[in-house]
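What follows is a set of notes on a single structure, which appears directly below.
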Amino acid sequence: MRFADLLGFAWQVVLGYRSRTLLILLAMGIGVAAVVTVTSLGEGARLYVVKQFGSLGTNLVIVLPGRSETSGSMPGVLIGKTPRDLTIDDALALKRSHAIRRFAPLIVGAGDVRSGARRRETPVLGSTAELMDIRGMELASGRFLPAGDPRHSQPVCVIGTKVANELFGTRQALGDWIRIGDRRFRIIGILAAQGESLGFNTDEIVVVPLAAAQALFNTESLFRILVEAKSRDQILDAKADVEEIIRLRHEGEKDITVITQDAVLATFDRILRALTLTVGGIAAISLAVAGILIMNVMLIAVTQRKREIGLLKALGATGRQIQMAFFTEAALLALGGAAAGVAAGEFGNSIISQVYPAIPFEAPWWALVAAPVTAILTGILFTVAPARRAAMLDPVQALARR
Amino acid sequence: MIRLTGIERTFTVGGEQVHALRAVTLEIAQGESLSIMGPSGSGKSTLLNIIGLLDRPNAGTYELDRRDVTGLTDDELARVRREKIGFVFQFFHLVPRLTAAQNIELPMVLSGIDPAERARRVEQLLAEYGLTERSGHRPDQLSGGQCQRVAIARAMSMRPGVILADEPTGNLDRHTGQEVMGVLERLHQNGGTVVVVTHDPEIGARSHRRLRMIDGAVTSDEKG
């Protein structure tokens, strides 16, 4: 029997029993659509998190004082006991490493910010000009902190959009003066609205030069040092360099914690990928259910079409040909169901994307391949038993009078 | 040529052994026209099924065209059946979702004949059996006589040497039955071997050679 004839024969059957065909298409379609949509949700969440981390700055290595292994859930938010402070000199020593492109020492505190009669409590960041590039900040107007020796500072600051709106309203903020504690700073730049980026809301901060922050908060020690490696490959070198340089400066004691953005990102990536696979697997159970439905329907078909099978045998069909006819039929149905499912899944994705435009919902390529392949395999697998039963049918009995 | 020697066929029905065929020995020459008659349960259909290779004897040997086909596997039997035997049934057994032309084409599809050749033969058969105008009709749009003509055309599509008909007129009115018998007789006149099972004496009497069966044994064998 030619393959084209086999297809033609199966096609006739699929067209001949419409309601049965629709039922199987529906079951298979729902299964495949579930897999496509659910994995899209997982993948969308993963991409969203990866993007959020990316907005923190790339190739980032974060240095914080103290060892983190004693307590805390996530090192990034831990403020542990500090045996030895991190200082500006520690930070400046990092210039010796060849793996480091730039770094920004950071001091964080809460400041009472005033303009005229208006006042507002906001986080105040003390840092250097490099912070902008490392954190990927953008300016709405003006310029960022001037470059120069971090030990000396000018009385200038850069403020977030929300701070500007709250303190100045419709008045021009750029070039005006604000008061933080008992010091005056001239506003030289306003940050663009970027919203939340893991930890800080850049709309609500005030950035001042490092030395000014030290004076403001009356402290020598740094909150942390943000280090940018020259490339992704050099992140580990940069980390090793940082540990070595600071260890030497701290009399051979390893009293800092260095976390890489990459490690955190990789962890999240792994967790979310595993999650996607898990929920995708759960959705795939519906494919197995669809497979069982196909088996049932095929078994019924063998009984219903007993006379036809007997006839085919009388006309000289071999058992193999009859099995192939059933397999082709199941494959056609599964393929149709898979196509319908992928279409429905993508349609569902586009609707969810409209509702949540921020999250990139997109079916991962492996789901688009795996779901239909699984559908067709289950379709064929569950047809083995019915097809064998058909092939074993005794033609004399099958053709016997009703 | 068909040669049956000592064919036995037993069935187990409800724990009891039923002898459907007892030591049947029979030789049918190429081009013969044969009718098998007998009461219900006399084994005539079983004999036809064994000749048609749909059923296997419990004992005895069967030679078809000088080849012993008794020990062949199912798939080998299917191939022999496809090449050498055409069936006509009482209930026509047409595939309901296929048109007349597609039903006639079916045996050729199963044996993988080239589509162009198939189309040529189908057209020829449709013309031969007066079905050209009905080629696109499905079985439920055809009369009983037309259905049986489609079935005969289908049986002839592989140009077999032997046509086996099991009560071919059993489901037709008298007039249409005569017409179908006319078609089968024409096949015989063209050199085919035609074996007809019937319980209608009038139909049986039309054959050149007439077998009577009772209780699984051949009781008479008349010629002329």
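Annotations
- Filtered residues of the range A:227-258 (kept if closer than 15 Å to A:Ile134 by Cα and either of a type in the set (S, T, N, Q) or touching a Gly at 6+ places or on another chain (Cβ under 7 Å) (or both)): A:Glu228, A:Ser231
- Screening A:Arg183 with (1) in contact with a Leu (Cβ under 9 Å, 6 or more places away or on another chain); (2) touching a residue at least 40 places away in the same chain (Cβ under 8 Å) gives one miss only, at (2).
- Scanning the range B:121-138 turns up no residue that is facing chain A (nearest Cβ under 9 Å) and either crowded, with 20+ Cβ neighbours inside 10 Å or free of Cβ contacts under 8 Å to residues at least 24 places away in the same chain (or both).
- Scan of the range A:222-249 for residues that are in contact with a Ser or Thr (Cβ under 9 Å, 6 or more places away or on another chain), surrounded by fewer than 15 Cβ atoms within 10 Å (Cβ to Cβ) and of a type in the set (Lys, Arg), ordered by number: A:Arg232
The rows are residues; the columns are (1) at pLDDT 90 or above; (2) more than 23 Å from B:Arg206 (Cα to Cα); (3) polar (S, T, N, Q); (4) surrounded by fewer than 14 Cβ atoms within 10 Å (Cβ to Cβ).
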site	(1), (2), (3), (4)
B:Glu8	yes, yes, no, no
B:Leu21	yes, yes, no, no
B:Gly31	yes, no, no, no
B:Ile51	yes, no, no, no
B:Gly71	no, yes, no, yes
B:His93	yes, yes, no, no
B:Ala100	yes, yes, no, no
B:Glu105	yes, yes, no, no
B:Met108	yes, yes, no, no
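- Inclusion of A:Arg18 among residues that are within 22 Å of B:Pro96 (Cβ to Cβ) and either more than 10 Å from chain B (Cβ to nearest Cβ) or surrounded by fewer than 17 Cβ atoms within 10 Å (Cβ to Cβ) (or both) is warranted.
- Any chance B:Val80 is aliphatic (A, V, I, L, M), in a helix (DSSP H, G or I), facing chain A (nearest Cβ under 9 Å) and in contact with a Phe, Trp or Tyr (Cβ under 9 Å, 6 or more places away or on another chain): no
- For the range A:165-190, a tally of residues being under 19 Å from A:Gly126 (Cβ atoms), modelled with pLDDT under 90 and in contact with a strand residue (DSSP E or B) (Cβ under 7 Å, 6 or more places away or on another chain) returns 1.
- Members of the range A:157-186 found to be under 38 Å from the mean Cα position of the chain (by Cα) and either part of a strand (DSSP E or B) or aliphatic (A, V, I, L, M) (or both), listed by number: A:Cys157, A:Val158, A:Ile159, A:Val163, A:Ala164, A:Leu167, A:Ala173, A:Leu174
- Any chance B:Glu27 is assigned to a strand (DSSP E or B), more than 13 Å from the chain's Cα centre (by Cα), loosely packed, with under 13 Cβ neighbours inside 10 Å and in contact (Cβ under 8 Å) with a residue 12 or more places away in the chain: yes
The values are calculated or read from the model by the stated rules, or taken from the named source; none is laboratory data. This one's a predicted model, so the numbers in the text were calculated from it and none came from an experiment. Every residue, glycine as well, gets a Cβ built from its backbone with ideal geometry; the counts of neighbours run over all protein chains shown.
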